[in-house]
Amino acid sequence: MHRAAVVALTSLFTALSLPAQSIQYIESRKVWLLTTSQSSYAMGLGADGSLRHLYWGAPLWRLDDLQGPAERRDVSSFDPRQMLENEEFPGWGGPRYYEPALKIVRENGNRDLVLKYASHRIQQDDLDIVLKDIRDEIEVTLHYRVYPEYGLLRRHATVRNGTATPVTLESAQSAAWYLPPGDGYQLSYLTGRWAAETQLNHEPIHEGAKVLESRKGHTSHNFNPWFAIDAGDAAEESGRVWFGALGWSGNWRITVEQTPYRQVRVTGGFNSFDFAYPLKPGESLETPPFYAGYSGSGFGGASRTLHRFERERILPGGSVLPGGATSRLRPVLYNSWEATTFNVDEAGQTVLADKAARLGVEMFVMDDGWFGARNNDRAGLGDWFVNPRKFPQGLKGLIDHVNGLGMDFGLWVEPEMVNANSDLYRKHPDWVMNFPDRPRSELRNQMVLNLARDDVKEYLFGVLDKLAGEYNVRYFKWDMNRAFSEPGWPEMAPADQRKLWVQYDRNLYEILDRLRARHPKLEIESCSGGGGRVDLGILQRVDEVWPSDNTEAFDRLRIQEGFTQAYAPKIMSAWVTDVPNMNGRSTPLDFRFLTAMQGALGIGANLNKWTERDSAIAAGMIALYKRIRPTVQTGNLYRLASPRTNDVTVNQYVAADGAQAVVFAFRHSQQYNTAAPTIRLRGLDERAVYRVTSLDGKLLEKQPQLSGAYLMRAGLNVNLRGDFDSTAVILERQ
Ligand code: DGJ
């Protein structure tokens, strides 16, 4: 642990009388207590040797308070005690009818699995607990990592077949989490579709199961692997919230279940749909990480906990560097896609690069269309050589030009896909995932390469490694424009074919890890037709993500609200594009800028069509963004007014050291000439005085300096009157 963090943590524990060890164990009672700055989590051994959940919530400090698990009796022959005991990682066996954490079938068809405690090991912030079947050497190691200073836990499991015969896993989850017993809970989760991702839902949890999942091979636009559960009364900045997120970019599932016994439980890991993972004797399978935390300060507190953790512990290079600095801030980016689509060439991109550089852009990204016969989406995918007609001298001329303008160069790739009309497919039709003698469905005229195959993995690594080595490419925008279909792997024995669901993503991760190791300055964006691949697994390997192909600013306000529930603004790529946008709406350029400036700012407009005035606004906004960028990208986000429930959206970012804060305010529409609501700020020092600067004179408070107490209690008023009116206010602590 970083020294500063240790000191801070020690003083925090002292202040709250919390123990100095994040993991404590009492041998006499066989109870474990895992403690972070925001939460405690406790487990104990039942008299029957099963590992039971005891507590998850606000911090506890006294180990002696912990009772062992209550011993239950069958309520009836239909309500066995096992259904009342919160087993930490239940196998499917005996009279257990809820969602299992592990389900197996042995070679002889025997499927009963009952897991009991075998041993455990504590090493600093890591706890491993080994469970074993009551008869067989089928062993599960539950891994717990405590992040005391971040308020989070990470869980996953390793399942090992120690028997002499094969065992097939039919469901392998990472963790089961239990809420305090009771009902009245409410679930928050993110849904969507292409161009409408990360829509936030809140709904009561009733008896039965609610399944959030992907069966599509990628994380998917439809559900995102994040959940939050509150006691029914939480708000943005108040109330108890239990939350979690899975780190897996393939088929995943989170099952939120309320049992008939007033118990809410959340089970998550690999999706068990079409899942079959055979383990030969001695083999094992590791499940994806499932992170979870507890916030006593509402959904905003939960989000800020995740944001900081992602920035400092998940993102590559994100760990706190000596001196407390974190990985580099995201540059202001230009992307050619909406301007030129497939019609890229050296002359056209050079003109755009010149214009982008004059605005203050720092990274110029050439999107789709630069390779093979890629003049539209019907050909060329898979042929990763530079199109000689569009770039007669290769990419070097353009890249040198871009670098000469002081910008880094980024390149679009979509490695996992192939068009039927491509040299790669003509040469290797067997590289596509397929069921023999069945149709190969095309979506956007493309098929999915079977990246689970090692030859495909090595080929793709080679292509990308060569591109990154040959050219000064600082950044890959890694796209994936369709979900899986016909996920067959005919070269494997039938029993092994479904390993594809796991092996595909492992190989994807391996390519990304190897590329980063070989090209330490290379940065990567995860895009999957917009926000189809955003999760804590891919985020360990990429620097930012593309939340949606929908760049329309008003729609984006809601997409961004949902996105930031789970993910840090720093990684939220957001472009300013031209109007009317894809949904026909036109918003003013400053509204579009202020929307995009709440994440990692990019420009995706056709700069050739911009007027002098547009360019002047853009240059001013980019300069402003650079002034507030550390606050937006590494500060604390307070969502003050939601676009779902108000005719205004307001978000406030407060720098980690409290020295600067920025407020972004948007009026969507106004009726009856009403004033915009007063904005009460959060997260300021009430005793401090702040210099208050309005972006555009729309701030109604005229005093140049205001106290934190006034700003948080009396609040700010802004003159937002028209439809799609917007403003920003900057506060600097004096
Ligand atoms: C989908 C992406 O989301 C877009 O930004 C763009 O890169 C296109 N693919 C290119 O085909």
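Based on what the data block shows, is residue 70 closer than 14 Å to residue 35 by Cβ and surrounded by fewer than 20 Cβ atoms within 10 Å (Cβ to Cβ)?
Considered against the rule, which asks whether it is closer than 14 Å to residue 35 by Cβ and surrounded by fewer than 20 Cβ atoms within 10 Å (Cβ to Cβ), residue 70 comes out as no.
For the structure I just gave you, tell me whether residue 333 is open to solvent by less than 10 Å² (accessible area, probe 1.4 Å) and over 30 Å from residue 242 (Cβ atoms). So that I can check it myself, show each step before the final result.
Values: open to solvent by less than 10 Å² (accessible area, probe 1.4 Å): yes; over 30 Å from residue 242 (Cβ atoms): yes.
It is true that residue 333 is open to solvent by less than 10 Å² (accessible area, probe 1.4 Å) and over 30 Å from residue 242 (Cβ atoms).
If I ask for residues that are more than 17 Å from residue 603 (Cβ to Cβ) and surrounded by 23 or more Cβ atoms within 10 Å (Cβ to Cβ), which ones from segment 566-586 would you list?
566, 567, 568, 569, 570, 571
Kindly evaluate residue 545 against the criterion of being at pLDDT 95 or above, of a type in the set (A, V, I, L, M) and under 20 Å from residue 576 (Cβ atoms).
Yes, satisfied.
Only one of 577, 587 is more than 15 Å from the ligand (Cβ to nearest atom) and hydroxyl-bearing (Ser, Thr, Tyr); which?
Going through 577, 587 in turn, the sole match is 587.
If I filter segment 328-347 down to residues being within 16 Å of residue 409 (Cα to Cα) and of a type in the set (Ser, Thr, Tyr), which single residue comes out as nearest to the ligand (Cβ to nearest atom)?
Out of the qualifying residues, it is 336.
Just to be sure, is residue 165 outside any loop (DSSP other than H, G, I, E, B) and either more than 28 Å from residue 47 (Cβ to Cβ) or not acidic (Asp, Glu) (or both)?
Numbers: outside any loop (DSSP other than H, G, I, E, B): no; either more than 28 Å from residue 47 (Cβ to Cβ) or not acidic (Asp, Glu) (or both): yes.
The answer is no for residue 165.
Can you tell me how many residues in segment 510-546 are more than 18 Å from residue 411 (Cα to Cα) and touching a residue at least 60 places away in the same chain (Cβ under 8 Å)?
Within segment 510-546, residues that are more than 18 Å from residue 411 (Cα to Cα) and touching a residue at least 60 places away in the same chain (Cβ under 8 Å) number 10.
What single numbered condition from (1) assigned to a strand (DSSP E or B); (2) hydroxyl-bearing (Ser, Thr, Tyr); (3) without any contact (Cβ under 8 Å) to a residue 40 or more places away in the chain fails to hold for residue 586?
Only one criterion in (1) assigned to a strand (DSSP E or B); (2) hydroxyl-bearing (Ser, Thr, Tyr); (3) without any contact (Cβ under 8 Å) to a residue 40 or more places away in the chain is unmet by residue 586, namely (1).
Return the residues of segment 479-488 that are away from the ligand (no atom under 16 Å from the Cβ) and in contact with an Asp or Glu (Cβ under 8 Å, 6 or more places away or on another chain); say none if nothing qualifies.
487
Out of (1) basic (Lys, Arg); (2) over 30 Å from residue 362 (Cα atoms); (3) within 16 Å of the ligand (Cβ to nearest atom), what's the single condition that is false for residue 438?
(3)
Of the residues that sit in segment 192-229 and are among the β-branched types (Val, Ile, Thr) and open to solvent by less than 10 Å² (accessible area, probe 1.4 Å), which one is farthest from residue 565 (Cα to Cα)?
219
Quick one: in segment 506-534, which of the residues that are of a type in the set (A, V, I, L, M, F, W, C) and away from the ligand (no atom under 16 Å from the Cβ) is most open to solvent (accessible area, probe 1.4 Å)? Walk me through how you get there before you give the answer.
Within segment 506-534, the first condition is being of a type in the set (A, V, I, L, M, F, W, C), and the residues that meet it are 508, 511-512, 515, 517, 522, 524, 527, 534.
Right, trim to away from the ligand (no atom under 16 Å from the Cβ) and you get 508, 511-512, 515, 517, 522.
Values: 508: 1, 511: 0, 512: 3, 515: 0, 517: 78, 522: 5 Å².
Applying the filter and picking the extreme gives 517.
Residue-wise test of (1) more than 28 Å from the chain's Cα centre (by Cα); (2) within 11 Å of the ligand (Cβ to nearest atom).
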residue: 349; (1), (2): yes, no
residue: 355; (1), (2): yes, no
residue: 358; (1), (2): yes, no
residue: 365; (1), (2): no, yes
residue: 372; (1), (2): yes, no
residue: 376; (1), (2): yes, yes
residue: 383; (1), (2): yes, no
residue: 392; (1), (2): yes, no
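Pairs, please: C-beta under 6 Å, at least 6 apart or cross-chain, first residue closer than 16 Å to residue 730 by Cβ and in segment 626-648, second among the basic types (Lys, Arg)?
Filtered contacts from segment 626-648: 633/570; 636/304; 638/682.
Run down 471, 475 and say which single residue is touching a strand residue (DSSP E or B) at 6+ places or on another chain (Cβ under 8 Å), over 28 Å from residue 437 (Cα atoms) and surrounded by fewer than 22 Cβ atoms within 10 Å (Cβ to Cβ).
Result of the check over 471, 475: 471.
Any idea which of 456, 418 is of a type in the set (Val, Ile, Thr), more than 16 Å from the ligand (Cβ to nearest atom) and under 27 Å from the mean Cα position of the chain (by Cα)?
The unique qualifying residue is 456.
Here is a list of conditions, (1) over 30 Å from residue 165 (Cβ atoms); (2) in contact (Cβ under 8 Å) with a residue 60 or more places away in the chain; (3) among the aromatic types (Phe, Trp, Tyr), and residue 223 meets all of them except one; can you say which number that is?
For residue 223, the exception is condition (2).
Looking only at residues that are under 20 Å from residue 94 (Cβ atoms) and under 32 Å from the mean Cα position of the chain (by Cα) in segment 116-141, which one is most open to solvent (accessible area, probe 1.4 Å)?
So, considering only residues that are under 20 Å from residue 94 (Cβ atoms) and under 32 Å from the mean Cα position of the chain (by Cα), the one most open to solvent (accessible area, probe 1.4 Å) is 139.
For segment 537-557, how many residues meet the condition of being assigned to a strand (DSSP E or B) and among the polar types (S, T, N, Q)?
The qualifying residues number 0.
Which condition from (1) touching a residue at least 40 places away in the same chain (Cβ under 8 Å); (2) touching a Phe, Trp or Tyr at 6+ places or on another chain (Cβ under 6 Å) is the one that residue 610 breaks?
Failed condition: (2).
For residue 403, state whether it is in a loop (DSSP other than H, G, I, E, B) and either at pLDDT 95 or above or closer than 25 Å to residue 603 by Cα (or both).
Values: in a loop (DSSP other than H, G, I, E, B): no; either at pLDDT 95 or above or closer than 25 Å to residue 603 by Cα (or both): yes.
No.
Here are the criteria: (1) open to solvent by less than 20 Å² (accessible area, probe 1.4 Å); (2) touching a strand residue (DSSP E or B) at 6+ places or on another chain (Cβ under 6 Å); (3) over 20 Å from residue 238 (Cβ atoms). Tell me which single one residue 668 does not satisfy.
Looking at each condition in turn, residue 668 falls short on (2).
When segment 544-556 is examined, which residues are found to be away from the ligand (no atom under 12 Å from the Cβ) and surrounded by fewer than 24 Cβ atoms within 10 Å (Cβ to Cβ)?
From segment 544-556, those away from the ligand (no atom under 12 Å from the Cβ) are 544, 552-556; that's our starting set.
Within segment 544-556, 552, 554, 555 meet the criteria.
The values are calculated or read from the model by the stated rules, or taken from the named source; none is laboratory data. Keep in mind it's a predicted model, so treat the numbers as computed, not measured. Here Cβ is always computed from backbone atoms with ideal geometry, including for glycine, and neighbour counts include all displayed protein chains. Just the protein is used for accessible areas: all its heavy atoms, side chains included, with ligands, DNA and RNA removed. Shrake-Rupley method; radii C 1.70, N 1.55, O 1.52, S 1.80 Å.
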